[in-house]
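The next block holds one structure in the form of structure tokens; read it before the comments.
Please treat every number below as a calculation from the coordinates, not as lab data. Note that this is a predicted model, so its numbers are computed, not measured. Cβ atoms come from the backbone with ideal geometry, glycine included; neighbour counts cover every protein chain shown.
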Amino acid sequence: MKDAAPQAIHLSAYTPPAYLVDSVALTFRLHPTATRVLSTVRFRPNPAHPEPGDLRLDGEGLMLMAAAIDGAPVAATPDASGVTIPAGLLPGGAFEWTAEVEIAPQANTALEGLYMSNGMYCTQCEAEGFRKITFYPDRPDVMAPFRVRIESDLPLLMSNGNPVDAGWAEWDDPHPKPSYLFALVAGDLVAHRDRFTTRSGRDVALNIWVRPGDEGRCAFAMEALKRSMHWDEEVYAREYDLDIFNIVAVDDFNMGAMENKGLNIFNSKFVLAAPETATDADFERIEAIIAHEYFHNWTGNRITCRDWFQLSLKEGLTVFRDQQFSGDMRSHAVKRIEDVLNLRARQFREDDGPLAHPVRPASYVEINNFYTATVYEKGAELIRMLHLLVGSEGYKAALDLYFDRHDGQACTIEDWLRVFEDATGRDLAQFKRWYEQAGTPRLAVAEDWDGTTYTLTLRQHTPPTPGQPEKTPVPIPVSVGLLSQDGGELRATTVLELTAAEQSFAFEGLPQRPIPSILRGFSAPVILERASTAAERAFLLAHDTDPFNKFEAGRALARDVLTGMITDGAAPGPDHLDALARMLRDDGLDPAFRALALGLPSEDNMAQSLHDAGAEPDPAAIHAARERLTREMAAHLEPVLDALYTDMAQPGPFSPAPRAAGCRALRLAALRLLARVDDGARAERLFGEADNMTEQLGALAALLEIGAGEAAAAAFYRQWRGDRLVLDKWFALQIARAAPERAVALTRALTGHADFDWRNPNRFRAVIGALPANAAGFHDPSGSGYRLVADWLIRLDPLNPQTAARMSTAFDTWRRYGPQRQALMRAELERIRATDGLSRDMGEMVGRMLD
Ligand code: 0A1
Ligand code: ZN
């Protein structure tokens, strides 16, 4: 018997809290199976609420031992989601609620609330985990200062804010915060320590806490933290506001990291890094996530969200800020390309299927399901567009006003847009549609040339998404530059603002017909539909001065070639290969850029674009075409690849600096192609010689891709079996790079491996999540890939619904494929849905995918 469908929560039903909180005092008596949490909460009626009425506190899975109002015991009987104290039992004005509850952190496998990881206690409260710790109005618009006392024999005890006593058993956080930012850590950890002086002279102790043995892998994260603190002062005039900033690395964590006030908690894979164990991509990611969590101190913590529908208020903005930061630390051009590739791979995919939702959703069943690429990455794109539309000065004025006006508040998207309107005088009523309308707009382009005037006609159209059959035009900033036939700039970049469904823009007085470079810098999150010739794409790859569009021209060229190979059996022509050879030989180009430009669209990306063009994608055919093109590229480009492989070698000790990393990326991209012509000889050699993980793993990937990686994989395991983070890479890489016909069997075999600890989210993702990353393997026509993933999701769901539900997105493209694959995937989704006791998280996800 299934439970009744859980209720959806609607943005339109928001009401302010009946009571506000003036202060919270918590005492934790830690015990693995019987932790006691004592709370003292000072409430007062909210003047903004019509009538205070009953006191409703959220609480889940708590054993209530005692409760009192102003010291007098109250008989409170909790229901499944909390407890209600009738108005009649309340004094009328302010009052003090005290309670004692018991919880069992060791039994908490969902990793939400207070749980244990390797003998250490830690918390995860966003979005609604605090209600698993004690009874409380667990909603972000209730902000309060917290004081926390921790009783335990463990040597390290921490919570938010500043320590009150030398033993760190008591912590005081003076900054009012919502409960989702609460954190507690207790364990036997060691610190990598440093200090930072803010520009107004505050001396801040910085600590990164890790398991003994990991302290040698914290230096990079610490440097990244100091760079982030400095950058936020310089660029946003935001200073840190406590005397101490603690970061803790935990091995069992559902997400990347969490911005708890003064006590960030990180998945250890996004903190720990040493040259031998972390790749360049890891270093880059660590820098970005450290920055992201730090930046939340202002965008998220000091100014938070009124309710969870406003999640992008903090996440879109903080992603935009971390993207700006990474661009400043590294290369803006390369960072922009990487961000757009990621946006297309994850957010465009989401926006094009059954899980499509607006950046500000109108309803949800389980908020944990809305920590999505749309809320995060598309949310950041909206802010990038605002930045472009109002200019750097306007943006700065708006942000200054935002911090000034809203510090200490829980805000909405309306508040956010209003600061831009007030600071710049621009009307953003139409812009707001970007927050409310799901789906990726298609931008069609028509051109006209009359001998002196070049006219671009832009037309926008957004396909229907679930619950939104009709779309209205959104304002789209389209950055355009015009090139002359000899590669010069005829017109520098201008931003065309498309606000209607269709609009024309004329460029007058031109000496010759220009070659347009449209959507420079990827100025809006849209799909540009403009047919072009291979010759024009090759021209732009060679001459465009806008690095994004230069990259894009090469990417489109490759996509067109692959499309031709898949749909018409065409052979790859010379245009693409010759253009690539010229690009690779251009020493003026950043090696990191060249490495990206040498890449091909992913198999999932090809499936997406074929589907968009009305074709039925066949993952096996896509894989075969991509393989064939890779071999052709290798054969055609061998001399230049060989030269790059030699020239890009980095002498001396490993440095994760962007320039060296870019050279390695180009060298390894060359290596992977060369493996196709030298039977992996160079890769074998590099695998044996490499003194860093980037090259060792790159060499292993090259060998696995040509089916010659077995011995290297075994050697890799022997070398790294004791290192959990490296072992995750070992699991994932073998599956992701396996030949499609072997991928499912290999995944199954690895789920029987002694090191497959499926309860650990990183390991589960490394194994079960790697199969969908092998598109042709996952989509094996037998349906065995679908079955294997569904089996494991069903198994994980009762223990860890959040991670299981996130991974169900492997199936969200099911309607793209042919009838047989559709039927097989649908059957697996139905099977998941019919599982007894399915979590609310998973129930919502499969329901949205099926209905
Ligand atoms: N706010 C964090 C992400 C995060 C969200 C939810 C979590 O648990 C349900 C954990 C972390 C961030 O943006 O980094
Ligand atoms: Zn965030």
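The region of the chain that goes longest without hitting one of the GluC sites (Glu not before Pro) in a DSSP loop, each with at most 11 other Cβ atoms within 10 Å, is 1-469. Taking every C-alpha pair closer than 8 Å and separated by at least 6 residues, the mean separation divided by the residue count of the stretch 227-337 gives a relative contact order of 20 percent. Loop-resident trypsin sites (Lys or Arg not before Pro) (DSSP state other than H, G, I, E or B) in the stretch 161-238 with no more than 13 further Cβ atoms inside 10 Å of their Cβ: 199, 202.
For residue 269, a cut-off of 16 angstrom between C-alpha atoms picks up these lysines, skipping any fewer than 8 places away in its own chain: 729. Fewest neighbouring Cβ atoms within 10 Å first, the residues 716, 756 line up as 756, 716.
What the Cβ-Cβ distance of residue 42 and residue 436 gives, at R0 = 41 Å and to the nearest 0.05, is a FRET efficiency of 0.60. For a quick check of your reading of the filter: which trypsin sites (Lys or Arg not before Pro) in the stretch 670-753 sit in a DSSP loop and have no more than 13 other Cβ atoms within 10 Å? Answer in residue order: 721. Mean residue ellipticity, 222 nm, helices only, the chain: the sum of -39500 (n - 2.57) across DSSP H runs of n ≥ 4, divided by residue count and rounded to 500, is -12500 deg cm²/dmol.
For the stretch 108-157, what class follows from the C-alpha gyration tensor (a ≥ b ≥ c being the square roots of its eigenvalues): rounded when a/c is under 1.5, otherwise prolate if a/b is larger than b/c, else oblate? Verdict is oblate for the stretch 108-157. Semi-axis lengths, largest first, of the ellipsoid equivalent to the chain are 45, 32, 27 Å, with √(5λ) applied to each eigenvalue of the Cα gyration tensor. Taking each residue as 0.36 nm, the span from residue 77 to residue 396 lengthens on full extension beyond its C-alpha to C-alpha distance by 109.7 nm. Could you tell me which of rounded, prolate or oblate describes the stretch 303-448, using a ≥ b ≥ c as the square roots of the eigenvalues of the alpha-carbon gyration tensor, with rounded for a/c under 1.5 and, failing that, prolate when a/b is larger than b/c and oblate otherwise? Taking the square roots of the gyration eigenvalues as a ≥ b ≥ c, the stretch 303-448 is rounded. With neighbours defined as other Cβ atoms within 10 Å of a residue's Cβ, the residues 532, 392 order from fewest to most as 392, 532. In this simple spin-label approximation, residue 168 and residue 739 carry label points 7 Å from Cα along the Cα→Cβ vector, and these lie 5.3 nm apart. Between the Cα long axis of helix 574-585 and the first principal axis of the chain there is an angle of about 70°, rounded to the nearest 10.
Across the chain, C-alpha contacts under 8 Å between residues 6 or more apart give a mean separation that, scaled by the residue count, equals a relative contact order of 8 percent. When the Cα gyration tensor is reduced to axis lengths a ≥ b ≥ c, the ratio a/c is 1.5 or higher for the stretch 235-332, and with a/b above b/c it is classed as prolate. Of 694, 197, 134, 494, the sequence from fewest to most neighbouring Cβ atoms within 10 angstrom is 197, 494, 694, 134.
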